[in-house]
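Here's the structure we're looking at; comments come further down.
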C-alpha cells in the first residue's frame, strides 16, 4: 500500500480542541469533558507520542495515558481516528497524520513537537500492519511493506525520540510488538520476523541509552480483539462471529497453534494498561524487558 507524506506545518494549525494552538494548552480535563481532573494523575505533566493511535491498541494506549493525565500527540497514517480522539479529549490530545515509514516526516514532526509543545517524555510505537501468507506465496512487496512499517517505523520514531531524551537524561520508549515474535506462526512469517526485529532493536537501544536515563521496553500482545485480528478470521455469512473467537481461544492443531490458557482474548485495554505501567515511575527500574500480554498463549516458549 502507498504511504503518503503526512506532516503539516504546526505554525498554521488552527486552535481549538486537540490542536494545541492559540497560545498554549488549556486546563487538563476529564475524558468525558466535565472539567474534573483525571482520577489518576500518575503521568501528569508528561508529553507522549503514540503512533498507530487511530484505532485498536493505539487508541486504547492514548486513552490509558490520558486517564493518567498525560498530554498525548496521537498520530496515524489515517487522520480520521486520531482527529476523533482529539475531539473527545480536547486539550489533552492533539492529532497529527504521520507515515512512520518516512524518516524525514518522523524527524520533522518530533522536532516541531519539541519546539511547540515541549520535551517528549514518552514515545509508544504501535503502528503496524499484517500481511498474512504462506512463505512460498509471499510477495516481495508484502515483505517489504511489513518491515517498512513494523521495523523501520519503530527505528525512525525511536531514534528521533531517543536523540532528544538522552540529551535531557530522561524518557521512556515502548514498542508494541507481538507474541508472534517469540514463537513460529504459520502464515505470519513476515509479521513475526518484523516484530522479532523490532523487539531486539528496542532492547539494543535500551542498552545503549540506559546510562543516560532512558528506558526502552516492549509489550508483546497475543490475539487481541482488533480489526487486525478480525481480518485473520474466516467466518461464513451464517456463522456466529463468536465462533471465530472460540477457535482462537481453543487453539488449532492443524496450524500448530496453542489456545489461550486464560480462556479469553485480550481487549486492547489489556495491552494499553501494560504500556501505561512501563512508561510510569512504577517501572523505573525496568528496561530492555519484553512483557507478554497473551493470556499464556505462547506458554512462554
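The values are calculated or read from the model by the stated rules, or taken from the named source; none is laboratory data. Predicted model only: the values in this text are computed from it and were never measured. FYI the Cβ positions are ideal-geometry reconstructions off the backbone, even for glycines, and counts take in every protein chain you see.
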Self-check item: Output for the stretch 182-198, where each listed residue is in contact with a strand residue (DSSP E or B) (Cβ under 8 Å, 6 or more places away or on another chain) and buried (at least 23 other Cβ atoms within 10 Å of the Cβ)
Solution: 190, 195, 198
Self-check item: Complete set of residues in the stretch 274-288 that are surrounded by fewer than 17 Cβ atoms within 10 Å (Cβ to Cβ) and in contact with a helix residue (DSSP H, G or I) (Cβ under 9 Å, 6 or more places away or on another chain)
Solution: 286, 288
Quiz item: Which of the residues belonging to the stretch 126-169 are within 30 Å of residue 114 (Cα to Cα), assigned to a loop (DSSP other than H, G, I, E, B) and within 20 Å of the chain's Cα centre (by Cα)?
Solution: 126, 127, 128, 129
Quiz prompt | Among the residues listed as 109, 120, the single one being closer than 24 Å to residue 205 by Cβ, assigned to a loop (DSSP other than H, G, I, E, B) and touching a strand residue (DSSP E or B) at 6+ places or on another chain (Cβ under 7 Å) | solution = 120
Practice problem: Return the only residue of 51, 6, 75 being over 16 Å from residue 269 (Cβ atoms), modelled with pLDDT under 95, touching a strand residue (DSSP E or B) at 6+ places or on another chain (Cβ under 6 Å) and surrounded by 18 or more Cβ atoms within 10 Å (Cβ to Cβ). | Solution: 6
Quiz item: If you check 248, 275, which single one turns out to be modelled with pLDDT of 65 or more, within 25 Å of the chain's Cα centre (by Cα) and outside any loop (DSSP other than H, G, I, E, B)?
Solution: 275
Quiz prompt | Qualifying residue in the stretch 102-110 (condition: more than 21 Å from residue 148 (Cβ to Cβ) and in contact (Cβ under 8 Å) with a residue 24 or more places away in the chain) | solution = no
Self-check item: Some residue of the stretch 211-221 being in contact (Cβ under 8 Å) with a residue 24 or more places away in the chain, surrounded by fewer than 21 Cβ atoms within 10 Å (Cβ to Cβ), in contact with a strand residue (DSSP E or B) (Cβ under 8 Å, 6 or more places away or on another chain) and under 19 Å from residue 165 (Cα atoms)
Solution: yes
